[in-house]
Amino acid sequence: MENIDNSDLEPSMLMKKYYKPDYSKLFNKIKGIRTPIKTSLLRALLDGSWHSELELIRIAKKEQRYVGSVTLGTMINSINHCLRNDYVEKRIINGKMYYKLADNYVGLTRAAYSKYQYNKTDIE
């Protein structure tokens, strides 16, 4: 019979092992994005799948009329610069640019945009 080391199950050891204070900082940065265009783009990317540049431009044009591919690319680069370099991934598929949230940050972004967007009175 194997001896199980109970020191790994102590709360202090679990906190050291799994708690990443960097994620809480990133979570607060995601919640802190107040630009309506950027928030609508991040909401569109919440599903974690690839989205074409044209689709994201259509979403951004609902917020601001003059948005093109250069403006979209600049916004994505500023989001990556503000949050993480690998937060929004880019890929060219069949000659078209596609964007998606990195798999590591989809759950964190969903929590930032779904759990804390409603007031307490809306839930009751």
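Summary table
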read-out: Point-to-point label distance, residue 100-residue 78, nm (Cα→Cβ direction, 7 Å offset); value: 2.6
read-out: Estimated distance in nm for a label pair at residue 91 and residue 69, the labels positioned 7 Å out from Cα along Cα-to-Cβ; value: 1.9
read-out: Set 25/62; 25/61; 29/90 screened for pairs whose C-alpha atoms are more than 24 Å apart; value: 25/62; 25/61
read-out: Computed P(r) (all Cα pairs; the stretch 37-112; 5 Å bins; percent); value: 3, 17, 30, 28, 17, 6, 0
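Read-outs throughout are calculated quantities, based only on the coordinates presented, and are distinct from any laboratory measurement. None of these values were measured; they are calculated from a predicted model. Because the Cβ atoms are built from the backbone with ideal geometry, glycine has one as well, and the counts that use them run over all protein chains shown.
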